[in-house]
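Written out below as structure tokens is the structure these notes cover.
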Amino acid sequence: MKKIITTILLSVFALSMAFAVTGKEVLDMVKDEHDDFDSQKSQITMKLIDANGNEKAREFDMFLLKENDDSLALVRFNTPAEVKMITLLTLSDDEIYIYMPAYRKTKRISGGAKNGNFVGSDLKYSDISLLYNEKSGNYTSNLLEDNNNFYKVEIIPEDEDTDYGRIVAIVEKENMLIKDVDFFNQKDEHIKTMSFTNLKDFEGHKLYSHIELTDLTSNHSTVLDINKADFDIGITNRFFNKMNISKPVLRIQ
């Protein structure tokens with residue numbers, strides 16, 4: 001009888017080990033589950049809400065292109081006039097460019113400047129990759145929790161220039177989408193939250209269309225609503241270059 005019990009316990013232990021996943025594997029599954037397109041264009045409304053409840057509305061287009069394990073991203077503002085044509089180009093964690101039409105100049109965002117807030121929002125330049133589930137990056141990860149409904153993954157950036165000590169993300173098992181993200185500074189103080197709601201089907205692609213990002217130190221929030229998303233739009237990596245982002249009309253190449 002004792003042998004039977006021991007055999008059963010060993011079998012259960014072996015099965016649990018066989019099905020265990022790592023934090024990196026969870027993040028890879030998020031990307032792989034939604035990796036059935038080559039390119040994407042989203043039309044997004046941004047609202048900036050200060051501590052007194054005052055709002056500013058902006059609209060921009062976001063272009064994505066899958067390239068190997070990463071994504072190229074380009075954000076261009078359309079309205080209002082004060083931000084029109086401001087364009088952000090993200091080629092990797094270490095290669096980010098912004099075009100400022102008021103100065104007719106494109107500059108590279110590097111080092112500590114990546115921690116700056118993007119066009120008055122609560123998004124840092126380095127946060128953009130979170131919106132498109134970049135698979136690779138300079139970080140380590142740990143699986144903190146695995147239950148019937150979600151995975152909880154801790155992401156520890158290894159970039160010495162980052163303000164973040166760690167990031168904790170909740171990934172829903174039902175759809176393998178990120179649901180909530182908590183940001184902690186180098187002192188392990190909880191400084192920012194990001195939540196994803198309002199699941200929509202865009203041409204067969206499921207996305208959370210409402211994103212709320214709140215800075216807990218300033219009580220300032222940024223709300224993003226994806227109004228439209230088109231997939232496989234026929235752009236190539238030539239679209240994502242420094243010369244293109246300074247043009248009044250982006251060239252679909």
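The values are calculated or read from the model by the stated rules, or taken from the named source; none is laboratory data. What you see is a predicted model; the values in this text were computed from it and never measured. Using ideal geometry, Cβ is built from the backbone for each residue, glycine included, and neighbour counts are taken over all protein chains shown. Just so you know, the surface numbers come from the protein's heavy atoms only, side chains and all, with ligands and any DNA or RNA stripped out. Shrake-Rupley method; radii C 1.70, N 1.55, O 1.52, S 1.80 Å.
Some notes on this structure:
- Qualifying residue in the stretch 122-136 (condition: exposed (fewer than 14 other Cβ atoms within 10 Å of the Cβ), at pLDDT below 95 and under 27 Å from L65 (Cβ atoms)): no
- Being loosely packed, with under 14 Cβ neighbours inside 10 Å and in contact (Cβ under 8 Å) with a residue 12 or more places away in the chain holds for only one residue in P80, P101, and it is P80.
- Scanning the stretch 178-199 turns up no residue that is within 19 Å of the chain's Cα centre (by Cα) and more than 30 Å from D50 (Cβ to Cβ).
- Selection within the stretch 225-253: residues that are of a type in the set (A, V, I, L, M) and touching a strand residue (DSSP E or B) at 6+ places or on another chain (Cβ under 6 Å). The member of this set that is surrounded by the fewest Cβ atoms within 10 Å (Cβ to Cβ) is I233.
- Those strands (runs of 3 or more DSSP E) lying entirely in the stretch 150-243 with at least 3 residues touching a residue at least 60 places away in the same chain (Cβ under 8 Å) and of a type outside the set (F, W, Y): 150-157, 205-215, 220-231
- Test: residue in the stretch 48-56 that is open to solvent by less than 20 Å² (accessible area, probe 1.4 Å), touching a strand residue (DSSP E or B) at 6+ places or on another chain (Cβ under 8 Å), β-branched (V, I, T) and at negative phi: no
- Within the span defined as the stretch 204-220, every residue fails to be at pLDDT 95 or above and basic (K, R).
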